[in-house]
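Notes for the one structure printed next.
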Number of protein chains: 4
Amino acid sequence: MSQKMRAAVLYADWDPKPDFKLGAKDIEGRQTYLGSKVWRNPRVVIEERDIPKPGPGEVLIEVKACGICGSDVHMAQPDEQGYIWYPGLTGFPAVLGHEFSGVVVEAGPGAINKATNRPFKGGEEVCAEEMLWCGRCQPCADGYPNHCERLDEIGFNVDGAFAKYIVVPDRVVWSLEPLKERYQGMELFLAGSLVEPTSVAYNAVIQRGGGIKPGDNVVICGGGPVGLAACAILKRQGAARVILSEPEPARAELGLKMGADYVINPLKEDFVHRVLEITDGYGAKLYLEATGLPTVVYPQIEQVIWEARGLNATVVVVARADAKMPVTGEVLQVRRAQIVGAQGHSGEGTFPRVIQSMATGMNMLPLITKQITLDEVPENLVTLRTDRKECKITVRLDKE
Amino acid sequence: MSQKMRAAVLYADWDPKPDFKLGAKDIEGRQTYLGSKVWRNPRVVIEERDIPKPGPGEVLIEVKACGICGSDVHMAQPDEQGYIWYPGLTGFPAVLGHEFSGVVVEAGPGAINKATNRPFKGGEEVCAEEMLWCGRCQPCADGYPNHCERLDEIGFNVDGAFAKYIVVPDRVVWSLEPLKERYQGMELFLAGSLVEPTSVAYNAVIQRGGGIKPGDNVVICGGGPVGLAACAILKRQGAARVILSEPEPARAELGLKMGADYVINPLKEDFVHRVLEITDGYGAKLYLEATGLPTVVYPQIEQVIWEARGLNATVVVVARADAKMPVTGEVLQVRRAQIVGAQGHSGEGTFPRVIQSMATGMNMLPLITKQITLDEVPENLVTLRTDRKECKITVRLDKE
Amino acid sequence: MSQKMRAAVLYADWDPKPDFKLGAKDIEGRQTYLGSKVWRNPRVVIEERDIPKPGPGEVLIEVKACGICGSDVHMAQPDEQGYIWYPGLTGFPAVLGHEFSGVVVEAGPGAINKATNRPFKGGEEVCAEEMLWCGRCQPCADGYPNHCERLDEIGFNVDGAFAKYIVVPDRVVWSLEPLKERYQGMELFLAGSLVEPTSVAYNAVIQRGGGIKPGDNVVICGGGPVGLAACAILKRQGAARVILSEPEPARAELGLKMGADYVINPLKEDFVHRVLEITDGYGAKLYLEATGLPTVVYPQIEQVIWEARGLNATVVVVARADAKMPVTGEVLQVRRAQIVGAQGHSGEGTFPRVIQSMATGMNMLPLITKQITLDEVPENLVTLRTDRKECKITVRLDKE
Amino acid sequence: MSQKMRAAVLYADWDPKPDFKLGAKDIEGRQTYLGSKVWRNPRVVIEERDIPKPGPGEVLIEVKACGICGSDVHMAQPDEQGYIWYPGLTGFPAVLGHEFSGVVVEAGPGAINKATNRPFKGGEEVCAEEMLWCGRCQPCADGYPNHCERLDEIGFNVDGAFAKYIVVPDRVVWSLEPLKERYQGMELFLAGSLVEPTSVAYNAVIQRGGGIKPGDNVVICGGGPVGLAACAILKRQGAARVILSEPEPARAELGLKMGADYVINPLKEDFVHRVLEITDGYGAKLYLEATGLPTVVYPQIEQVIWEARGLNATVVVVARADAKMPVTGEVLQVRRAQIVGAQGHSGEGTFPRVIQSMATGMNMLPLITKQITLDEVPENLVTLRTDRKECKITVRLDKE
């Protein structure tokens, strides 16, 4: 194996805005929890790098496929002042890419394969969580790794998977072995690269939203990758009717392929009326806000809950947004409803359950609407700033 | 409408065994909670009866279809001393039959259609719960109608639905309107007659067993109607692998049709080994004991739980049996497992969710393996004492 | 027993505002779900009435004590145009009063004492729910009587308990027998009259809020009867620190008596800072909004949740308010938090658990700050419009 | 600080029984998961040892107090053939002792104080979990550290705390800072040494048993340290009546001090009758089997559940035992009951909640009935083989 590899690396300038103060976990010139207040002039370059070495408890993975996430786009996208859009944890330069799958090449001392509870042998097909929860802080010890106080994130502040190789700690690696029942060759890896975004949706609707019981209806607002994955998951969980609200025709069509029974175009149809009509006046048990426009979407969801006869609705907010939702307490009271926030994909058996679901019939592959090479990453990061037709653009690294 | 109707009525003699004492809810010569200790010489006759009149809050239903339940068989089956097999609440003579659907013909004063929150108009297609929970005792007030302290049971101690007409209180009636999306004509009513037994399974695995999350495995022991319905429900809820353990080939085959992914013949195969093999060593999240042979089945389930890597298994006991299961506490401890008992089908939104699931793709019709007329009820009650090939034998009353 | 009794009756004029439309459950001239849009010129009079007769399934109770609720005040309070303040279900004329206890005098046919599952004998000390859930609509059948679609409410649209006698259906009656362990004479009835408001708080924090685990902290915003009862309940449930936010000194002091460990005066202290200080930076697991001022209170609660290290906070909204809370989804996401609405006090074993808690040491009597006679009801309804020093004013009817 | 320390070390001979096979995690001559099949001729000696050094992520703690656990007794107790009684994970020689508290003396590289999310400064008062969950296997990643697949146990297969110093990984260390509100000096450390056994009880009744709601009754079978701690915890959680079943008068008395409202002597009284009497026929919501005699105790618990009116009882099995409980499924069905197994004390916020509860009034100190020096450990390990009067014997190391 050669000593060098190619990688798509994001560079940006450390140029904090005047109101920025170095936070507890920030590192001058290198890392911050408030990306959009600090990093300027982002540029993504394909460059040659040393292949990393796995340390104790770490694994070296040959990457086969890695999807582009909206966060990748926003990290590489300057606003009018040149600051990056992405507001969160970032440390540059960093290899981007965190929705990946590949093959274990080498294991550091003591690295353990969770699937066998034994050392890796090499050759295992795997995927990984993006969140490098520490396993030692109080939230981790209490069982909430999605809220780790010492978090690192692959492709954000540590090197990611738009590269031939990546090193990750063993505890976030998950075997794709079960997927072999259904997928072979590159399909296995393409499916494997979808485990991470699907797990974000699974965490939102199943773990945080509490899921549904067979026969309940659901409404998914927003047909991005997370919303579409939620359609598949909730159909799989026995939803009577999966209703997707999405104005973009290409995504609406994809929604029907992924599990939606009905699609509403909220720009052309009366969302409230249509949901009530489809559900025979009962409304839904679970509403997913996956648009990032809560000030637009929440009042409509609230109106459905208010007018519907069904009780116990749960609104899950998974998309990030600064804006405040106007919430009428009385609606929550009269309809016995609740609102929860969802973040992350780790813990609670989410990754293994997503893999098992995909291994036994939940086909996520249609989410991938375009496959590209590593060299095409920079231009596609630009394309995705505006293109709402593509869903998941996935980088194939099998030819690297 | 004529004033008379035909009905299949069970007669038996009140002849208490020496150790029987009249209980709190027993009525000398008429009703007991301990059927097999009292009733002797059961005989089922087709006889002419007055069509009943709906009282306040009651509904008269023209029955279209009514399935035969194992309880019907056991009420009509004498043991060696001539006492009936069925051990529970019974009051004879009574028209048998409780798994029914039909059309509302007349509503008593104040009777309300839950589906519209308005009086019945007549003509509504409906089914009903078998359990006439009172809605006023403490368990009912607390939300546990399956454990009502003043329970009556349709076809057990009040007249049932092997008859042209039946009267029931409005609160146990459920609209079959949603099923019309998928079924027409007699299929609608046949499907409707399966709502009750499916709800018994739903209550067991979803409400009491807590259900599963998509990607979990399940094991169903026993391919009777409840076990088979559980296969359909849990497949619907996203089970990765539904494993049915059933020795009778006809039922095994039916299991595959209903949603089982694998069938184990526990008389010919090593149950423990096979479950571990199919689940790649992880075992199942939910085990349903639906055989009535817990002393045989539980030790095997326990052994799988012990040997499997998976945690958090729940064993749901739904079949009735006197025998004591030998339970090793340490297995529950080391594997973080639990055992729950399940009874009934009422409350918690079970009936409406079963109907919604059936309306949107959960097809229960294959459970009906034979359709008969009212006149054929007596002989089929005898057939079912030994025949394990038939699953659900359903009485059609549309020609009555 | 005499045939007449005295009662405090609310009269008002049916004079709908122009935008009012008769709703599904409204009755022209008699009853509406939108009180403040219809009823004008309220006046409370003490008048002589026939003692009511219990019908089938009903019970006649001799009232001993009945507390004044904020709803009573608002029903009798005209706004600038003369319309009543209370916005909800109302049917006048009606005897007011719903937080009551008394002694069973006579039972109608078939009325059953839930405590014994037998007919009432007469002489039983009892209290009752205020909500006359029907037990037959879909929410009731599904286990959600607080959301009954055919609700009547004692003292709102049916005659209440500011009278010597009241008739109620058996299903809402609860025995005070357990309280005799601790209370005798009028204390028993005064305690019994507090079961209803305490159950509203119990429903909010335990049933809807999910309660806490021993060692969690809680914050109660608003020291009215519900907020103060919540202090007692959550202290009882093992809260490490019960923090009450309440500006009125008399209520703050009462809060400390009821179970609060700390009181914050939100008008004089920095609420956010104080909660963080008291909880050593961890914040609380449960926040109760019991002020009716969510636009003021919610942003402060949200700020604490955001700044605190603790995860999984639940905000329970129990006070009614029209205003919209500005909710930042990201706070719910990052802190794994949720918001729920709470309404009612029925079902889920709430009343019996409150009674058992009071029977074994949860002393609610300090909530009663004043005892009055029936004749003093009208003037005290006026007093309570402005007086925030009194907590619960309770009418004694033992001398009637 | 001197380089040497004294410690109570258990030696035993590796002498496997004929049927023993080296398991996956066993190490020839050093460690096994089946202690009682391997280790012979145990002897506890006080010897001088090198003070250990904290490695990366580890902490050196000066031990102040360490309780003797039943496991310590059984590890040091030979059966008739000379094999140790304790059946589980063991690796000798090992310093015994795992219920400890102390002061941080030195932190290895990267060791983090969960309480501050910063490096230890030295001087922190702390306690620790006994279970060294790995944080990397699948159960740990899924949130079930009590079922870690790579577990080490302090004082069982790694050196424990009957010594002046101990080294442990940072992730199992918990700050006793909150206890300073209530305890000073050695009381702080004595209380701190009780956090571990109290957490075993908390995990059993709260996390695994699901706890209770205020107003529920509970029954604790067995007045050992775990049973007594459960009395305190459930009283704290709002139990109406805590009933302890315990024949030994000294422990019965201690039970009343810890929170029990009633004590039943099951050898002299009719357990079933008494529980029904005390609970007015309703029985309990939670039953804890903490005797280790499930064949004796379970049938009695089952009989109470059967005869009681209350539903939804949960039986928690926390004591280890080989014997099989005879479980009647019908009781679980008719009473809507369940059985769960409980193991461990880690995860789910148990340690911090126990510490917070103790910091705010849950006083566990009465559990310590005797304080001894390190030199007295061997003789007290013998005493406790038969003495049921002492509850917790605690070793003070402040004079070492």
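The values are calculated or read from the model by the stated rules, or taken from the named source; none is laboratory data. Fair warning: this is a prediction, and the values are worked out from it, not measured in the lab. Don't worry about glycine lacking a Cβ; one is built from the backbone with ideal geometry, like all the others, and counts go over all protein chains shown. Accessible surface areas use protein heavy atoms only, side chains included; no ligands, DNA or RNA. Shrake-Rupley method; radii C 1.70, N 1.55, O 1.52, S 1.80 Å.
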- Message: Consider the range C:169-184. How many of its residues are within 19 Å of B:GLU149 (Cα to Cα) and either more than 14 Å from every other protein chain (Cβ to nearest Cβ) or within 19 Å of the chain's Cα centre (by Cα) (or both)?
- Response: 5
- Message: Could you check the range A:95-114 and list, in sequence order, the residues that are among the hydrophobic types (A, V, I, L, M, F, W, C), more than 14 Å from every other protein chain (Cβ to nearest Cβ) and surrounded by fewer than 23 Cβ atoms within 10 Å (Cβ to Cβ)?
- Response: A:VAL103, A:VAL104, A:VAL105
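What do you reckon, is D:CYS134 closer than 18 Å to D:GLU348 by Cα, open to solvent by less than 10 Å² (accessible area, probe 1.4 Å), touching a Gly at 6+ places or on another chain (Cβ under 9 Å) and at pLDDT 95 or above? I'd like the intermediate steps shown before the answer.
Values: closer than 18 Å to D:GLU348 by Cα: yes; open to solvent by less than 10 Å² (accessible area, probe 1.4 Å): no; touching a Gly at 6+ places or on another chain (Cβ under 9 Å): yes; at pLDDT 95 or above: yes.
So D:CYS134 fails the test.
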- For the range C:236-248, state whether one or more residues are out of contact with any Lys or Arg (no Cβ under 8 Å at 6 or more places or on another chain), assigned to a helix (DSSP H, G or I) and closer than 30 Å to C:ILE68 by Cα. yes
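Conditions tested, residue by residue: (1) of a type outside the set (Val, Ile, Thr); (2) part of a strand (DSSP E or B); (3) touching a Ser or Thr at 6+ places or on another chain (Cβ under 7 Å).
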{"residue": "A:MET325", "(1), (2), (3)": "yes, yes, yes"}
{"residue": "A:ILE339", "(1), (2), (3)": "no, yes, no"}
{"residue": "A:SER346", "(1), (2), (3)": "yes, no, no"}
{"residue": "A:PRO378", "(1), (2), (3)": "yes, no, no"}
{"residue": "A:LEU381", "(1), (2), (3)": "yes, no, no"}
- Task: Kindly indicate whether C:LYS25 is in a loop (DSSP other than H, G, I, E, B), more than 30 Å from C:LEU176 (Cβ to Cβ), in contact with a helix residue (DSSP H, G or I) (Cβ under 7 Å, 6 or more places away or on another chain) and touching a residue at least 60 places away in the same chain (Cβ under 8 Å).
- Result: no
- Query: Does the range D:7-22 hold any residues that are part of a strand (DSSP E or B) and of a type in the set (D, E, K, R), and which are they?
  - Reply: D:ASP13
- Being polar (S, T, N, Q) and in contact with a strand residue (DSSP E or B) (Cβ under 6 Å, 6 or more places away or on another chain) narrows it down to one of C:ASN380, C:ASN312, C:ASN363, so name that one. C:ASN380
- Task: Report, by residue number, each residue of the range C:262-294 that is within 24 Å of the chain's Cα centre (by Cα) and of a type in the set (Ser, Thr, Tyr).
- Result: C:TYR262, C:TYR287, C:THR291
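So which residues in the range B:259-275 are closer than 17 Å to B:ALA239 by Cβ and assigned to a helix (DSSP H, G or I), if there are any at all? Spell out how you get there, then give the answer.
Going through the range B:259-275, the residues closer than 17 Å to B:ALA239 by Cβ turn out to be B:259-264, B:274-275.
Within the range B:259-275, B:ARG274, B:VAL275 qualify.
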- Count - residues of the range B:150-168 that are in a loop (DSSP other than H, G, I, E, B), open to solvent by less than 30 Å² (accessible area, probe 1.4 Å) and within 13 Å of another protein chain (Cβ to nearest Cβ): 1
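Per-residue answers, yes or no, for (1) among the hydrophobic types (A, V, I, L, M, F, W, C); (2) on the phi > 0 side of the Ramachandran plot; (3) at pLDDT 95 or above; (4) outside the structural domain of A:ASP13 (by TED's automatic domain parsing):
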{"site": "A:LEU60", "(1), (2), (3), (4)": "yes, no, yes, no"}
{"site": "A:GLU80", "(1), (2), (3), (4)": "no, no, yes, no"}
{"site": "A:GLY122", "(1), (2), (3), (4)": "no, yes, yes, no"}
{"site": "A:PRO139", "(1), (2), (3), (4)": "no, no, yes, no"}
{"site": "A:HIS147", "(1), (2), (3), (4)": "no, no, yes, no"}
{"site": "A:VAL158", "(1), (2), (3), (4)": "yes, no, yes, no"}
- Exactly one of (1) over 17 Å from B:VAL218 (Cβ atoms); (2) open to solvent by 20 Å² or more (accessible area, probe 1.4 Å); (3) within 14 Å of chain D (Cβ to nearest Cβ) is unmet by B:GLU248. Its number? (3)
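For every residue, the table says whether it meets (1) at pLDDT below 95; (2) under 23 Å from D:ILE339 (Cβ atoms); (3) within 11 Å of chain D (Cβ to nearest Cβ); (4) buried (at least 24 other Cβ atoms within 10 Å of the Cβ).
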| position | (1), (2), (3), (4) |
| --- | --- |
| B:ALA284 | no, yes, no, yes |
| B:PRO294 | no, yes, yes, yes |
| B:VAL317 | no, yes, yes, yes |
| B:ALA323 | yes, yes, yes, no |
| B:VAL331 | no, yes, yes, no |
| B:VAL334 | no, yes, yes, no |
| B:ALA359 | no, no, no, no |
- Task: Search the range A:361-372 for residues being open to solvent by less than 30 Å² (accessible area, probe 1.4 Å) and assigned to a loop (DSSP other than H, G, I, E, B), and hand back the single one that is farthest from the other protein chains (Cβ to nearest Cβ).
- Result: A:MET364
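Can you tell me which residue among C:GLN207, C:GLN237 is polar (S, T, N, Q), assigned by TED's automatic domain parsing to the domain that holds C:GLU253 and without any contact (Cβ under 8 Å) to a residue 60 or more places away in the chain?
Numbers: C:GLN207 fails: without any contact (Cβ under 8 Å) to a residue 60 or more places away in the chain.
Among C:GLN207, C:GLN237, only C:GLN237 is polar (S, T, N, Q), assigned by TED's automatic domain parsing to the domain that holds C:GLU253 and without any contact (Cβ under 8 Å) to a residue 60 or more places away in the chain.
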- Query: Among the residues of the range D:169-191, which ones are part of a helix (DSSP H, G or I) and either surrounded by fewer than 23 Cβ atoms within 10 Å (Cβ to Cβ) or touching a helix residue (DSSP H, G or I) at 6+ places or on another chain (Cβ under 7 Å) (or both)?
  - Reply: D:ARG171, D:GLU177, D:PRO178, D:LEU179, D:LYS180, D:GLU181, D:GLY185, D:MET186, D:GLU187, D:LEU188, D:LEU190, D:ALA191
- Quick one: in the range A:61-105, of everything that is part of a loop (DSSP other than H, G, I, E, B) and polar (S, T, N, Q), which residue is farthest from A:ASP398 (Cα to Cα)? A:GLN81
- Message: Return the residues of the range A:137-146 that are among the small types (Gly, Ala, Ser) and open to solvent by 10 Å² or more (accessible area, probe 1.4 Å); say none if nothing qualifies.
- Response: A:GLY143
- Condition set facing chain C (nearest Cβ under 7 Å) and within 30 Å of D:CYS137 (Cβ to Cβ), scope the range A:336-351, selection surrounded by the most Cβ atoms within 10 Å (Cβ to Cβ): answer is A:ALA342
- Matching residues in the range D:15-32 - criterion: being within 22 Å of D:VAL73 (Cα to Cα) and surrounded by 17 or more Cβ atoms within 10 Å (Cβ to Cβ): D:PRO16, D:GLN31, D:THR32
- Message: Being within 14 Å of chain A (Cβ to nearest Cβ) and either crowded, with 23+ Cβ neighbours inside 10 Å or β-branched (Val, Ile, Thr) (or both) is true for just one of B:VAL205, B:VAL263, B:VAL226. Which residue is that?
- Response: B:VAL205
